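Here the structure comes first, spelled out in structure tokens, and everything after it is commentary.
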Amino acid sequence: MLVLPSSENKRLEALRSYEILDTLSELEYDELTELASVICESPIALISLVDKDRQWFKSKKGLSATETAYSFCSHAIINPDEIMEIEDAKLDDRFKDNPLVTGDPKIAFYAGVPLINEDGFALGSLCVIDSVTKKLTSQQRKSLTTIAHQVMDKMELRRKIALLQAAEKKSNQLVNLSLTSYSKSRVLIEQAPVAIILFRGKDLVIEEANSQMLELLGQNEQIIGKPLLVAIPELEGQEPYHLLFKVFKTGKTIYGYDKPVTLIRNGLEELGYYNFTYSPLIENGEITGVIDMAVNVTEQVKARDVSKRLFDDLADLNNDLEAANKEITSSNEQLVAFQDELLISELRFRQMADNISQLAWMASPDGNIYWYNKRWYDYTGTTLEKMKGWGWQNVHHPEYVEAVKEKIKRHFESGEIWEDTFPLRDYEGNYQWFLSRAVPIRNEEGEITNWFGTNTEITEQIKAREKLEAAQKELRASFQRLEEIEQKQSIAISQAKLGTFSIDGSTGVLSSSPRLREIFGYLPEEEMSYEAALDQIIPEFRQQVKLGVADVFNNRVDFHMEYAVIGRSDGIKRWVKATGKLYRSESDAKGQFSGTILDITEQKEDDLRKSDFIAMVSHELKTPLTSLSGFMQVMEFKAKKTQDEQSAMILDKARKQIGKMTTLINGFLNVSRLESGKIHIEKQRFDMKELVKEIEEETVPANTSHHIIFAPVITTWVIGDRDKIGQVITNFISNALKYSAPGTTVQIACVAGNGCSVVSVRDEGMGIAEKDLSKLFDRYYRVEGHELKGVAGFGIGLYLCSEIIQRHNGKIWVESTAQVGSSFFFSVPVEN
Ligand code: ADP
């Protein structure tokens, strides 16, 4: 291998690595130069090493110098693979001037074998020198090369030994160092803030453990030297033991965090938590043990547990908080919605309040009114400007305002519902009475947020109350009067010899006063039943009385009747006027029919005498009237004949007057006949339709003043006196014509229903006042004022009608409104 000069530094370095330069001579090298000198038959043999600027001889034979300047060897190593042999130096240009050639030892011959180390660096040469020229034999050359190898081997050996020694030295140093570091580490171990334990072998024999570890384990130094499971048997089956063993087997470090380990300390099982590192102990590439470093973190774990719990609690709390937050948000939203709703409902409320009939207002808690409804402004004719706050006093009556103010102030302060009654002035300046009320509106905290007030007009109620009070006053006065009257009446009753009676609606029992019994021909102390009393009524009236009494109970009509009784014991005929009515109470649903009976025999007999007289006079008048009427007709006929128009006209008028007179007299005659019982009802079966038609035919052509309309009639058969019923209809029609203005309409109808035939005559005349209606069918009754209107009459017609209808077990009545018109009705039963 060619070593280039560029690598001279590396060569020199390699040379120095042998640490051979300037060392003492050594026998082993000297023996080799001796051998070379002998074999090559040369007096000088050298082991020359080429240093930076000298050649140093490790061994020299036949030369005293230990070193020399550059010369032959430096050339020899230029070509390391060859032996450089110079047979005669004096002939070689490289050396002929060399002082070793020219001077002593006068070198002539030179042969050098390069000394090449393992890395190919030529370090020097093994050379033989002679002062005579010569040439080596091939054997000599081979031997010289072999010896050169030996030199080199020796040098190599020397280097290795030096290396070994250095290594040994280092190792000694290291051992020393490790010894110190061990003792240092022991101190460290001992003082370490962690617990350390060292295990050896597969049984994990405890070799070392610091006091922290002993304390951690709850042990003392006695565990040292014992296998782990002997020293700490409770570890068997626990994870750390398995892990330690794993580390021992695999050589891989294991870290544990917060591992639970149960140890027996002071005889008690204790659960602790540990962070640990189990590292393998590797010696000479073999796992010989495990180093365990542990830190007791029980407190931290527990603390962490606590803090975890705390954290959990906190998280819970947070969740709660979040939920609460959500709730708040949603309730906030609700609140907003609610406020919106409130706003809407307030608007709606105001709208509604605007439309109510009451006056309404709202005030702030201090009583300042800030809103009135429309009705308020409509009624008072004011504006919010004028009414705001306490401005409402302006529409109050000066007499009441102070009291109102004082009271409402009190209520605004106390928060009690306010109620007051006072007048308020309307837009025209009139005062009306109002019942006023205000309620406080409170929020959830119970604080008043508003007052809502209303004013309800009660003028009518006040008036009604005043009326009521007046009425009550009057009533009281009336009661007083009544009492007085009653007192007088009882005197009157006894003086007027009124009989009193009462019939019980539910039992039908009659109670009667002694006077009544007397009238009926009983002794005052005698008992008289209802049936016994009826027996004393003359047959003509008996049925009528029975029906009248039934009517009182069934239809609650008042009882007014005149009839005759025959005294039971004395057989005397007495006329009585009976009046009475039904008194009912809640406890007595059927009621009591009570009344009085007055003996009117005398009066009646007077009347009868009068009507007899009237009848007689009428009768007497009738004959001359009839002749008079006849004469008139003759004269009228004659006047017409002689064309005496005026006389004819006068005679016509006179005849009409006579006709009227005749009607009147007939009326009186009828009354007197009726009252003397001489009027006879001759019943027959007839068709109401035919009768009405007949009347229509008689009436319509004769009438020129009114519109007379007969409604269509259907066949209705009744049993009755055809002439007399006809007389009633005619009477109704003539009254209608009499008491209504010409040109108005008179309508006649006849309908059937409910077992009756009902005839009605309706006019558009002057009508009859309410107070007169009940008396209209009385004898001689005329409505006051009607005669002033020039209508002739004696109040007999309707009386006769009523008598006729009653004798047919029918009903007669009138419906009328003054100035509007009247409708007269009668009904008679239809044929079954
Ligand atoms: P008169 O001969 O007086 O008409 P009536 O007995 O027929 O007697 O009537 C009694 C009173 O009833 C009359 O005086 C009259 O005041 C009133 N009357 C009867 N029919 C009518 C009628 N259709 N409209 C108004 N008043 C009437």
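Could you tell me which residue of region 804-821 is nearest to GLY753 (Cα to Cα), considering only residues that are away from the ligand (no atom under 12 Å from the Cβ) and not small (Gly, Ala, Ser)? Ranking the candidates gives LYS811 first.
For region 88-103, which residues satisfy the criterion of being more than 20 Å from GLU41 (Cβ to Cβ), not in a helix (DSSP H, G or I) and not polar (S, T, N, Q)? Scanning region 88-103 gives ASP92, ASP93, ARG94, PHE95, LYS96, ASP97, GLY103.
Within region 822-831, can one find any residue that is more than 12 Å from the ligand (Cβ to nearest atom), modelled with pLDDT of 90 or more, in contact with a Pro (Cβ under 9 Å, 6 or more places away or on another chain) and at negative phi? Scanning region 822-831 turns up no residue that is more than 12 Å from the ligand (Cβ to nearest atom), modelled with pLDDT of 90 or more, in contact with a Pro (Cβ under 9 Å, 6 or more places away or on another chain) and at negative phi.
The set of residues in region 812-832 that are out of contact with any Ser or Thr (no Cβ under 7 Å at 6 or more places or on another chain) and open to solvent by 30 Å² or more (accessible area, probe 1.4 Å) comprises TRP813, THR817, ALA818, GLN819, VAL820, PRO829, GLU831, ASN832.
Scanning region 658-690 for residues that are more than 16 Å from the ligand (Cβ to nearest atom) and part of a helix (DSSP H, G or I) returns ILE658, ARG673, MET688, LYS689, GLU690. The set of residues in region 744-786 that are within 8 Å of the ligand (Cβ to nearest atom) and either under 17 Å from ILE729 (Cα atoms) or touching a helix residue (DSSP H, G or I) at 6+ places or on another chain (Cβ under 6 Å) (or both) comprises VAL761, ASP763, LEU776, PHE777, VAL783. Quick check, is LYS638 within 16 Å of the ligand (Cβ to nearest atom) and either surrounded by fewer than 17 Cβ atoms within 10 Å (Cβ to Cβ) or more than 15 Å from GLY793 (Cα to Cα) (or both)? Taking the combined requirement at face value, the residue does not satisfy it. Scanning region 715-765 for residues that are open to solvent by 50 Å² or more (accessible area, probe 1.4 Å), more than 19 Å from PHE686 (Cβ to Cβ) and touching a residue at least 12 places away in the same chain (Cβ under 8 Å) turns up SER734, LYS738, ALA741, PRO742, GLN747, ARG762, GLU764. As for region 566-589, it holds at least one residue that is open to solvent by 90 Å² or more (accessible area, probe 1.4 Å) and among the aromatic types (Phe, Trp, Tyr). Looking at region 259-292 only, could you name the residues that are farther than 19 Å from GLY218 by Cα and surrounded by fewer than 15 Cβ atoms within 10 Å (Cβ to Cβ)? Within region 259-292, ILE282, GLU283, ASN284, GLY285, GLU286 qualify. The set of residues from region 43-55 being within 21 Å of TYR29 (Cβ to Cβ) and surrounded by fewer than 19 Cβ atoms within 10 Å (Cβ to Cβ) comprises PRO43, ASP51, ARG54.
Could you check region 3-87 for helices (runs of 4 or more DSSP H) lying wholly inside it with 2 or more residues that are under 26 Å from GLY103 (Cβ atoms), modelled with pLDDT of 85 or more and touching a Ser or Thr at 6+ places or on another chain (Cβ under 6 Å)? Correct list: 27-39.
The values are calculated or read from the model by the stated rules, or taken from the named source; none is laboratory data. If you're wondering where the values come from, they're calculated on a predicted model, not measured in any experiment. Cβ atoms come from the backbone with ideal geometry, glycine included; neighbour counts cover every protein chain shown. Ligands, DNA and RNA are excluded from the accessible area calculation, which covers all protein heavy atoms including side chains. Shrake-Rupley method; radii C 1.70, N 1.55, O 1.52, S 1.80 Å.
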